[in-house]
Amino acid sequence: MRRLLAFERRWFQAMVETILPSGASEQFPLGGQDVPLQRFLADFQRHAPLKIVVGLRATLLMIFMAPLFMSGMRRTFMALGAERREAAILRMRHSDVYVIRELPVLLKTIGCMAVLGVPEVQRSLGMAQVDTCSPDWVGESRTEDADAGPTRPNTITEPVVPASAAAGS
Amino acid sequence: MEQLPNMTTFGDVEGVQGVEDACDYVVIGTGAAGATAARVLAEAGLDVVMLEEGSWIPRQSLRQDMYSSLKSLWRDMGFQGTESRAVVAVLQGCTVGGSTAVNSAIIHRLPEQIHAEWERAYGATEHIAYADLESAWERIEDELRIQVTPDEVLGRNGRLLRDACERKGYSVQSIVRNVEGCKGTSRCSQGCPTAQRQSMNNAYVPRALADGARLYTDCRAEKVIREGGRAVGVRGRFRRTLTRERGPELTVRARRGVLVACSAIQTPIFLQANGIGRQSRLVGQRLQMHPGVALAGIFDEPMHCWFGATQSVETLHFWEDRYKIETINLPPELASMRLPGVGTALMEQFGAFKHMAIWGVQCRMRAHGRVRRGALTGRTIVKYDMLPEDVRLAKTALVTMAEMMFLEGAQQVLPGVHGLPGRVSDMDTMRRIFDIPDDPGIFHAIGSHLFGTAVMGQDPRSSVVGTDGQCHELPGLYVMDSSVFPTNMGVNPQHTICGVSWLFAQRLANEERATAAA
């Protein structure tokens, strides 16, 4: 139940890259393709509560199938081009059925955790102060202690105060 | 890595058959209630053992990214939620210090009107007289270095709310917090990286340990040991929260009593697992919250929401109307959830991230939910459905915030309400929220203050514990946390939880002294 199958992992990659595409915006070009999503997914499925992993698998299946029932699509999610994938997720998001519109939200939440948690991405958002090391899951290989929680010491420095934020009160 | 004295972790007991300990009082949970009780009892010279399900995370290991923090500090990685018509995220810490290690350190004394209501309607204040609470709060405020958020770390977001309230003539204040020397990293939810926040992991847990208490982390309490109709100890099991790897059993014998302080969700689960509450049938019932919703605004000028106290300014102007508005600096992973759309449209909005201000509202809703333990799986099931009037309250609060944001020059607000456009540019459109059905599923709510699931009172038929926190059905077992509060209160509860726990624990210590003197 906990371990996603190879095709589910491909769906995850495609769906997160649809929600958070790389190179879509000149101002913010980083997206799903710029972070190791599969490493994140491996870490997530190992540590998340079982009900959430099951919920993620159900979400992937529902989003995969949903375009089959949408007028003008009639194909699975993976058989669609990039633009129509985006349109399919957007239509689910606007559904009047609570469960259907919340499915992409779960995926968006998980995708944002992966993409926006990486220091390089945070820096490109304009954040002045970011961690000096990447999250554990970004690393090439798992260490023995990886499951005991974050272990690498992080350098904590004084926050950089933006001039406008620190302006007199 | 930084370690605490007198602390035993999962790593210390790997390969051991079983662990046994004995003490005067065993305290389950190290959040606001448990750590305060341990601090009072240990100072009184009593032998105290603390049990904590979560891990000890040294501050050098804390990370800025939300996912790492959710894994190491939050219960169910932040995915705990209600199972009802619409999911309400139920956020709780699961680490040494409990939720105080991840909250925004907001301090409020229990409003006198609420205390009076607890007395009038529930007869629940026999041992928590307001004057006694005030004495306890004064001690706590001194020890936790409670102070007003300094202007230097209000951040642009905070100053924006302050200006909006002043323009509208609403009362407004910088938030009082248990933080001294805040550096304004906006990382309260990820664990304070500079340890300026006097959360229980930085304040009362180390203090109790210095007074001789012992702490077992990564250990979940499971069974109350009973002898002669009294609670005389606890059995627990070491388990890594992250990997669910099981360790040895822990048995703690407690000569004087067992104090349960696991929160209004986990306390009733523990009581139900031990067959307690059959008399009143109230264990896990009457769950109350302060569900919150948020509104983001996009401004011309940069807001730099990554600088400043995570929550720095609030208005209690609408407290009588049952809601409270406050600023909140969310990390980008969570703030981005406010941005509507997906794909290219979403990515183009990330450029506006630094121009985004976010305010939240916590509502004193009237709905009652319940908490129960799954019969087969033992898992925690939380049911909570907002009433239509609760949904209308949240709508009103969102409109109030939108009005203030537009007054301060917001180009657009992002209400995140199903049925409204993702971006709203004027108040006429925003007011269309009242045309949408009063369905809790129209917005994403977060419930972070939890009350009432093991309520206190004098009558065993209408309460779970007595007015001193002692369980009616099992002498020697005390509930110290917000489970005993008869109602929600409209302000952040940490200080009240500490105050009530302080008085309950002080009473136990005084009884001990009286017995010794006799």
Residue list for region B:303-344, filter: of a type in the set (A, V, I, L, M), under 16 Å from residue A:111 (Cα atoms) and either facing another protein chain (nearest Cβ under 9 Å) or in a strand (DSSP E or B) (or both):
B:334, B:335, B:337, B:342
One residue is enough: does region B:401-417 have a residue meeting the conditions farther than 23 Å from residue B:327 by Cβ, modelled with pLDDT of 95 or more and surrounded by fewer than 24 Cβ atoms within 10 Å (Cβ to Cβ)?
no
If we keep only residues of region B:90-105 that are open to solvent by less than 30 Å² (accessible area, probe 1.4 Å) and among the small types (Gly, Ala, Ser), then the residue nearest to residue B:381 (Cα to Cα) is B:93
Matching residues, region B:42-68, being open to solvent by less than 10 Å² (accessible area, probe 1.4 Å), of a type outside the set (Ser, Thr, Tyr), within 7 Å of chain A (Cβ to nearest Cβ) and assigned to a helix (DSSP H, G or I)
B:66
What do you reckon, is residue B:261 under 20 Å from residue B:74 (Cβ atoms), open to solvent by 20 Å² or more (accessible area, probe 1.4 Å) and touching a residue at least 24 places away in the same chain (Cβ under 8 Å)?
no
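Residue-by-condition table, conditions (1) facing chain B (nearest Cβ under 9 Å); (2) open to solvent by less than 30 Å² (accessible area, probe 1.4 Å):
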position: A:65; (1), (2): no, no
position: A:68; (1), (2): no, no
position: A:71; (1), (2): no, no
position: A:74; (1), (2): no, no
position: A:83; (1), (2): yes, no
position: A:105; (1), (2): yes, yes
position: A:108; (1), (2): yes, yes
position: A:125; (1), (2): yes, yes
position: A:128; (1), (2): yes, no
How many of the residues making up region B:151-181 are within 14 Å of another protein chain (Cβ to nearest Cβ), polar (S, T, N, Q) and either outside any helix (DSSP H, G or I) or open to solvent by 40 Å² or more (accessible area, probe 1.4 Å) (or both)?
2
The listed residue being surrounded by fewer than 24 Cβ atoms within 10 Å (Cβ to Cβ), closer than 30 Å to residue B:89 by Cα and either modelled with pLDDT of 95 or more or of a type in the set (A, V, I, L, M, F, W, C) (or both), out of B:286, B:253, B:244, B:240:
B:286
Region B:69-86 - residue that is surrounded by 23 or more Cβ atoms within 10 Å (Cβ to Cβ) and facing chain A (nearest Cβ under 7 Å) and, of those, nearest to residue B:201 (Cα to Cα)
B:72
So which residues in region B:429-467 are away from every other protein chain (no Cβ under 14 Å), out of contact with any Pro (no Cβ under 9 Å at 6 or more places or on another chain) and assigned to a loop (DSSP other than H, G, I, E, B), if there are any at all?
B:458, B:459, B:460, B:461, B:462, B:467
Being buried (at least 16 other Cβ atoms within 10 Å of the Cβ), among the aromatic types (Phe, Trp, Tyr), within 17 Å of residue A:117 (Cβ to Cβ) and modelled with pLDDT under 95 is the requirement here; does residue A:28 meet it?
yes
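Can we say residue A:79 is out of contact with any helix residue (DSSP H, G or I) (no Cβ under 7 Å at 6 or more places or on another chain) and within 24 Å of residue A:22 (Cα to Cα)?
yes
The values are calculated or read from the model by the stated rules, or taken from the named source; none is laboratory data. All of these numbers come straight from a predicted model, not from anything done at the bench. Counting neighbours? That spans all protein chains shown, and the Cβs are built from the backbone with ideal geometry, glycine included. Please note that ligands, DNA and RNA were not included when accessible areas were found on the heavy atoms of the full protein model with its side chains. Shrake-Rupley method; radii C 1.70, N 1.55, O 1.52, S 1.80 Å.
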